[in-house]
Amino acid sequence: MAVNDIFKTFKPQNTHIAKYVDYYYLDVKPDNISHEFECYPHFNTTISLYQSHIRLGDKTVIFQENTSPLQIFTPIRDKLLLVKQKGKVYRIVIVFKPFGVQQFFKNIDFSDYLIDFNFFNEKELKSLFKTKDTAILTELLDDFLLKRYNKHKNIILEKSIAYILDNHADLLVEDLSLQLNISRRHLNRVFKHHFGVPVKKFQKIV
């Protein structure tokens, strides 16, 4: 990491937000020329906010002066993800718990990538990118998410996630469907709709 680089993780302070957001992180590389890194399969979903960037066809995120902020949603990953960044980087990332992002943004298909989606408005983004102070960023992010909170209940997913986390090593999808009194087919359909992966693949990622 270069001398002027910043990489900090920080937790939501609002107890309500903390139920659905695992953590935030700040990634700043003012002297970056080119940087590549791998993201391993993970059951968390993320929203990445880039200060002044565009995304090329080969998925490279490149800095471009005076460009509008870039907002990217990344779904549950069941494969290795290669991230390429060119030019300086100022990125703020929200890492959601499973079924967390659905509590704040409605009527959106979160089973696939969303590129340049307007999760936050221009005024909110401007205030976020004004600071590198994680205490201020925490307060802002907690506040912006709280304004969007509208609980989205899905008993099947909530009970399934809890069961998978508690019984990870010994999980059989048949047992889970019996616990929920629904068919295995319907259970997989619900997971595919919300997460883009069936139950067994979700378990492997966990």
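Throughout, read-outs are computed from the coordinates displayed, never taken from laboratory work. Computed from a predicted model, the values in this text were never measured in an experiment. Positions of Cβ are backbone-derived with ideal geometry, glycine not excepted, and every protein chain shown enters the neighbour counts.
Each peptide in 133-144, 89-100, 170-181 receives the mean, over its residues, of other Cβ atoms within 10 Å, and ordering these scores from highest gives 89-100, 133-144, 170-181. Just so you know, the Rg over Rh for the stretch 155-205 is 0.90, from Cα atoms, with Rh as the Kirkwood radius. Taken over the Cα atoms of the stretch 1-106, the convex hull encloses 118 Å³ per residue. Hydrophobic long helices, here whole DSSP H runs in the chain with Kyte-Doolittle means of at least -0.5 and Cα atoms spread over 18 Å or more along the helix axis, are found at 134-148. Computed per residue of the chain from DSSP H runs no shorter than four, each worth -39500 (n - 2.57), the mean residue ellipticity at 222 nm is -9000 deg cm²/dmol.
Taking a straight line from the alpha carbon of Lys123, these aspartates and glutamates sit under 16 Å away, with near neighbours fewer than eight places off in the same chain left out: Glu139, Asp142, Asp143. Shape summary: the chain maps onto an equivalent ellipsoid whose semi-axes, from the alpha-carbon gyration tensor, are 32, 19, 15 Å in decreasing order. Fewest neighbouring Cβ atoms within 10 Å first, the residues His53, His152, His194, His186 line up as His186, His152, His194, His53.
Pairwise Cα distances in the stretch 91-174 exceed 20 Å for 49 percent of all pairs.
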